[in-house]
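Trainee: First the structure, then my questions, so here it is.
The values are calculated or read from the model by the stated rules, or taken from the named source; none is laboratory data. Source: prediction; values computed, not measured. Cβ placement follows ideal geometry from the backbone for every residue including glycine, while neighbour counts extend to all protein chains displayed. To get the accessible areas, we keep the full protein, side chains included, count just its heavy atoms, and leave off ligands, DNA and RNA. Shrake-Rupley method; radii C 1.70, N 1.55, O 1.52, S 1.80 Å.
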Amino acid sequence: MNDETLLAEFPYLDLWLADGTILYSNIPHLEARRLKMPFKVQRAFEGEIGVDFTDVSSEDYAEHGFKTDFIEISFPLLHRETGEVAAVAQLREVTGSLEKDLWSLTLSSWATAATIGIIVMAALFGIVLEGSRKIERQGRILSRRLAQSHQRAVRHRELKAVAQRASLSVTEFTDKHLRTIGTDLHDGPAQTIGFAVLRLDQIRRLRTKGAREEVVAEIETTLGGALSEIRSIALALVLPDIEDLDLAQVIERAVQQHTRRTGIAIVVDSRLEPVHAAPELCVCVYRFIQEGLNNAFHHGLPEGQTLTATMQGGVLKLSITNRNPTDSAEHAKHRGIGLFGLRARVQSIGGNLAFVQKDGTTRLEMWVRNV
């Protein structure tokens, strides 16, 4: 115990006997004194080695006059011959290096815990931030989809209203067209035939053969005119056989029929490929050309009538142009029943119709998508 190296680490040594007497101590005034035996020393007499921090509340701590903590190591000393526990040695080790190690370990533990905590918090923050951004993105997407849904709903209501107006227009057009046909028949062929019937009464009163033949010839001429007028009306109502024709042939057939009826040459600029379309589209194209050319013939100048037909990107566009004598309201009023019904017909197949009068020129256009 006089070794300086040993004393630097273990400055105090006590040897205890089983009755609590301190057999040896490097604190001289404690030798041969009997004190209350610490618990670890008692266990050492049972053959167990004990290591623990100093109990500052124990009697031997006060008797030793210690002011600091130590690590107390208690181990039994065995009799050389019998092997029984003869005494117990109690060494006290200074805790400076241990406290330094513990403090270093505590600091490193705190640093490790702080680092792990920062990493975990950063990871959690990143997860929460990414979740927040994803929620914001989803919110923006949902907002756009909601706006699109509102737009589609508005568009749907508009299209529904257009469809209802078109259906109503077709009904009104049909009624007006039937009234027009009835008026044409009544005021035209019916009046002519009535006039011929009246002339038949004159034949009975005539006595000379020459006079009767003259009246018969007049009646024959009158009935022939009525028959031609009835045929013209029927020809305008019945479409030619266009089921097996492509769009270019339908346009050509409509122009040829108009030319035969009116004798007016039409300038045709058709850039259509031989494409077969749905029957309702062919009928609409035929009626568009028929109505447009008839309007140009009745309300425009005889020359300068032009028909243009193009197909680009699945969009069919037809345009009829003619020159007007004037742009007065007198000619603008002719947009009535014909164009009204034609617009309803074009809209019924998803197309659009435009009628423009400007600078002495009238242009009637229709276009249909996804042909």
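Trainee: Among the candidates Arg199, Arg212, Arg140, single out the residue that is under 59 Å from the mean Cα position of the chain (by Cα), surrounded by 10 or more Cβ atoms within 10 Å (Cβ to Cβ) and either assigned to a helix (DSSP H, G or I) or of a type outside the set (A, V, I, L, M, F, W, C) (or both).
Mentor: On the way: Arg199 fails: under 59 Å from the mean Cα position of the chain (by Cα); Arg212 fails: under 59 Å from the mean Cα position of the chain (by Cα).
Sole residue among the options that is under 59 Å from the mean Cα position of the chain (by Cα), surrounded by 10 or more Cβ atoms within 10 Å (Cβ to Cβ) and either assigned to a helix (DSSP H, G or I) or of a type outside the set (A, V, I, L, M, F, W, C) (or both): Arg140.
Trainee: Which one of these does Leu307 not meet: (1) surrounded by fewer than 19 Cβ atoms within 10 Å (Cβ to Cβ); (2) of a type in the set (A, V, I, L, M, F, W, C); (3) in contact with an Asp or Glu (Cβ under 9 Å, 6 or more places away or on another chain)?
Mentor: (1)
Trainee: If we keep just the residues of segment 225-251 that are assigned to a helix (DSSP H, G or I) and at pLDDT 85 or above, which is farthest from Glu303 (Cα to Cα)?
Mentor: Going through segment 225-251, the residues assigned to a helix (DSSP H, G or I) turn out to be 225-237, 247-251.
Narrowing further to those that are at pLDDT 85 or above: 247-251.
Details: Leu247: 25, Ala248: 23, Gln249: 24, Val250: 23, Ile251: 19 Å.
Result: Leu247.
Trainee: Continuing with the same structure: Could you run through segment 36-65 and say how many residues are open to solvent by less than 50 Å² (accessible area, probe 1.4 Å) and touching a Ser or Thr at 6+ places or on another chain (Cβ under 8 Å)?
Mentor: Adding up the residues that qualify gives 5.
Trainee: A further question follows. Among the residues of segment 293-315, are any at pLDDT 90 or above, in a strand (DSSP E or B) and touching a helix residue (DSSP H, G or I) at 6+ places or on another chain (Cβ under 7 Å)?
Mentor: Yes.
Trainee: Determine if segment 13-24 includes at least one residue that is under 14 Å from Arg92 (Cα atoms) and modelled with pLDDT under 85.
Mentor: no
Trainee: Got a number for residues in segment 289-304 being crowded, with 16+ Cβ neighbours inside 10 Å and not polar (S, T, N, Q)? Break it down into steps so the answer makes sense when it comes.
Mentor: Applying the first criterion (crowded, with 16+ Cβ neighbours inside 10 Å) to segment 289-304 yields 289-293, 295-297, 299-300.
In the following step, the residues that additionally are not polar (S, T, N, Q) were identified as 289, 291-293, 296-297, 299-300.
Going through segment 289-304 one residue at a time, the tally reaches 8.
Trainee: Mind listing whichever residues of segment 252-288 are open to solvent by 90 Å² or more (accessible area, probe 1.4 Å) and in a loop (DSSP other than H, G, I, E, B)?
Mentor: Arg271, Glu273, Pro274, His276 - these are the residues of segment 252-288 that are open to solvent by 90 Å² or more (accessible area, probe 1.4 Å) and in a loop (DSSP other than H, G, I, E, B).
Trainee: For segment 1-71, which strands (runs of 3 or more DSSP E) that fit wholly inside it have 2 or more residues that are under 17 Å from Ala86 (Cα atoms)?
Mentor: On the way: elements: 12-16, 22-25, 50-53.
Of the strands (runs of 3 or more DSSP E) lying wholly inside segment 1-71, those with at least 2 residues that are under 17 Å from Ala86 (Cα atoms) span 12-16, 22-25.
Trainee: Could you list, in sequence order, all residues of segment 66-97 that are under 19 Å from Pro11 (Cα atoms) and open to solvent by 40 Å² or more (accessible area, probe 1.4 Å)?
Mentor: Of everything in segment 66-97, those that are under 19 Å from Pro11 (Cα atoms) and open to solvent by 40 Å² or more (accessible area, probe 1.4 Å) turn out to be Lys67, Thr68, Asp69, Phe75, Glu93, Val94, Gly96, Ser97.
Trainee: For Arg363, are the conditions met, namely being open to solvent by 50 Å² or more (accessible area, probe 1.4 Å), part of a helix (DSSP H, G or I), modelled with pLDDT of 80 or more and closer than 22 Å to Ser169 by Cβ? Please lay out each step first, then the result.
Mentor: Values: open to solvent by 50 Å² or more (accessible area, probe 1.4 Å): yes; part of a helix (DSSP H, G or I): no; modelled with pLDDT of 80 or more: yes; closer than 22 Å to Ser169 by Cβ: yes.
Criteria not met by Arg363.
Trainee: Which one of the conditions (1) modelled with pLDDT of 80 or more; (2) open to solvent by 50 Å² or more (accessible area, probe 1.4 Å); (3) touching a Lys or Arg at 6+ places or on another chain (Cβ under 7 Å) does Ile219 fail to meet, given that it meets all the rest?
Mentor: If we test Ile219 against (1) modelled with pLDDT of 80 or more; (2) open to solvent by 50 Å² or more (accessible area, probe 1.4 Å); (3) touching a Lys or Arg at 6+ places or on another chain (Cβ under 7 Å), just (2) comes out false.
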